[in-house]
C-alpha cells in the first residue's frame with residue numbers, strides 16, 4: 001500500500017494534514033488499530049490540534065514518545081473521523097497503513 005504513515009517508537013511523532021477546508025465547529029479524531037476495523041485492538045490515539053486555527057484547516061496529529069514506546073505491533077491502520085453536527089464522516093476512502101519502526105539512539 002502506498003502512503004504508509006511511519007511511526008517511530010520511543011519518539012514523538014507529528015503529522016500535518018491540510019484538509020483544505022474550514023474546520024470550525026468540526027471535531028476530528030484519529031486512532032491507530034491493529035486491523036482496519038473499529039473492534040480491533042487500539043494501539044494509539046493521535047492528539048489532534050490545529051496549526052493555527054480551525055478556519056485554516058491544517059491539522060497537527062501528535063503521538064508522544066511515551067505513547068509509542070510499548071507498541072509491539074509492526075503494522076497497524078489509521079483513519080480520520082470528522083464529526084459535523086453529531087454526524088460522523090470518513091475523511092479518506094480507506095484506512096492508511098501505519099508502519100511502526102524501532103529507533104537506535106537511546
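Please identify, among 51, 31, 86, the residue showing maximal mean-square fluctuation in a Gaussian network model of the chain using a 10 angstrom Cα cutoff. Most flexible of the set in this elastic network: 86. At an R0 of 41 angstrom, the distance between the Cβ atoms of residue 55 and residue 104 translates into a FRET efficiency of 0.50.
With the biggest extent put first, the Cα atoms of the chain measure 41, 29, 24 Å across the principal axes.
What share of Cα pairs, in percent, lie more than 11 angstrom apart in the range 20-62? Across the range 20-62, Cα pairs with separations above 11 Å total 67 percent.
Short-range pairs are left out: with C-alpha atoms under 8 Å and at least six residues apart, the relative contact order of the range 5-101 is 37 percent. Taking 0.36 nm per residue of sequence separation and removing the Cα-Cα distance, the residue 16/residue 29 pair yields an extension gain of 3.3 nm.
Read-outs throughout are calculated quantities, based only on the coordinates presented, and are distinct from any laboratory measurement. Just so it is clear, the model here is predicted, and its values are computed rather than measured. Glycine gets a Cβ as well: all are built from the backbone with ideal geometry, and neighbour counts include every protein chain shown.
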